[in-house]
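All remarks here apply to the structure that follows.
The values are calculated or read from the model by the stated rules, or taken from the named source; none is laboratory data. Predicted model, so just to flag it, every value in this text is computed and none were measured. Reconstructed Cβ throughout: ideal geometry from the backbone, glycine too, with neighbour counts over all protein chains shown.
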Amino acid sequence: MRKFFISLLLAAAVLTGEEYKSEPGAAPPAELADSIKSLLEKQGVKISKDGKPLSEIWLRAALPAPKPTTEANLTMPNVPHGSLMAVIKVEQIYSDRRGQTFKPGLYTMRYSYYPENGDHQGAAPQRDFLLLSHAATDTDGAATPVFKDLVEQSKKVSSTPHPAVFSIWKEDPKFFKEGSLEKVGESDWVLMRKIGAVPVSLIIAGKVEA
């Protein structure tokens, strides 16, 4: 009886934890601007949370033409700031790693990096991030908005003084597992994919104190 009771406790502990899974998705949404859609992979990745649809993500098919920067602590220093990197369709209320929520909808994800001003200690080992903007108003796939403009766009998604962000980095080939979605640490769920030939990791869910 004692073993049975312990088994029930363990099962309950597993059930209360959030579980994320990935599976092959569909083609990019028809409502996207053509200049955005043309840059994306032909099939997205569906993400579910506790068995319910959470989001679908389409990464770029290839990285943009390089434009090297002298900024430090970046894993993708050749990606021009503000470049479109992905699109995400959110199916339910979503939260970024700062705990900011945003509504179901369609969003672009553009490359940026947080400023080294001491306000982002512990946010991530690297400075690479993706900032979300409303896809209905972000319609130029070739655009590379400067930091200030991109932050203002993204604040319209988070409805807070801080942009809606996802942590991304170029993954070490030694740790890369194509297509995997795994829990890392206590709360982060990391999706591994390739943009062209470049392996990247993207935290699709998690929490950070920063």
Q | Flag for Ala142 being modelled with pLDDT of 80 or more, exposed (fewer than 12 other Cβ atoms within 10 Å of the Cβ) and closer than 22 Å to Gly44 by Cα | A | yes
(Q) For the range 66-100, which positions are surrounded by fewer than 20 Cβ atoms within 10 Å (Cβ to Cβ) and β-branched (Val, Ile, Thr)? (A) Thr69, Thr70, Thr75, Ile93
Q.
Looking at the range 141-170, I want the residues that are in a strand (DSSP E or B) and have a partner that is of a type in the set (S, T, N, Q) and at pLDDT below 95 with Cβ atoms under 9 Å, at least 6 apart or on another chain. Which pairs are those?
A. Val165/Gln100; Val165/Ser158; Ser167/Gln126; Ile168/Gln126; Trp169/Gln126; Lys170/Gln126
Q: Could you list all residues from the range 73-110 that are out of contact with any helix residue (DSSP H, G or I) (no Cβ under 9 Å at 6 or more places or on another chain), in a strand (DSSP E or B) and modelled with pLDDT of 95 or more?
A: Met85, Ala86, Ile88, Lys89, Val90, Leu106, Met109
Q. Would you pick out the residues in the range 16-41 that are more than 14 Å from Tyr107 (Cα to Cα), modelled with pLDDT of 95 or more and exposed (fewer than 15 other Cβ atoms within 10 Å of the Cβ)?
A. Lys21, Glu23, Pro24, Ala26, Ala27, Asp34, Ser35, Ser38
Q. In the range 29-66, which residues are among the hydroxyl-bearing types (Ser, Thr, Tyr), within 29 Å of Glu18 (Cα to Cα) and touching a residue at least 40 places away in the same chain (Cβ under 8 Å)?
A. Ser55
Q: Could you tell me which numbered condition Val208 fails, if it satisfies all but one of (1) more than 17 Å from the chain's Cα centre (by Cα); (2) more than 29 Å from Lys37 (Cβ to Cβ); (3) in contact (Cβ under 8 Å) with a residue 40 or more places away in the chain?
A: (1)
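Conditions (1) of a type outside the set (Gly, Ala, Ser); (2) within 22 Å of Val90 (Cβ to Cβ); (3) touching a His at 6+ places or on another chain (Cβ under 8 Å), marked per residue:
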site: Ser180; (1), (2), (3): no, yes, no
site: Asp188; (1), (2), (3): yes, yes, no
site: Met192; (1), (2), (3): yes, yes, no
site: Gly196; (1), (2), (3): no, no, no
site: Pro199; (1), (2), (3): yes, no, no
site: Ile204; (1), (2), (3): yes, yes, no
site: Val208; (1), (2), (3): yes, yes, no
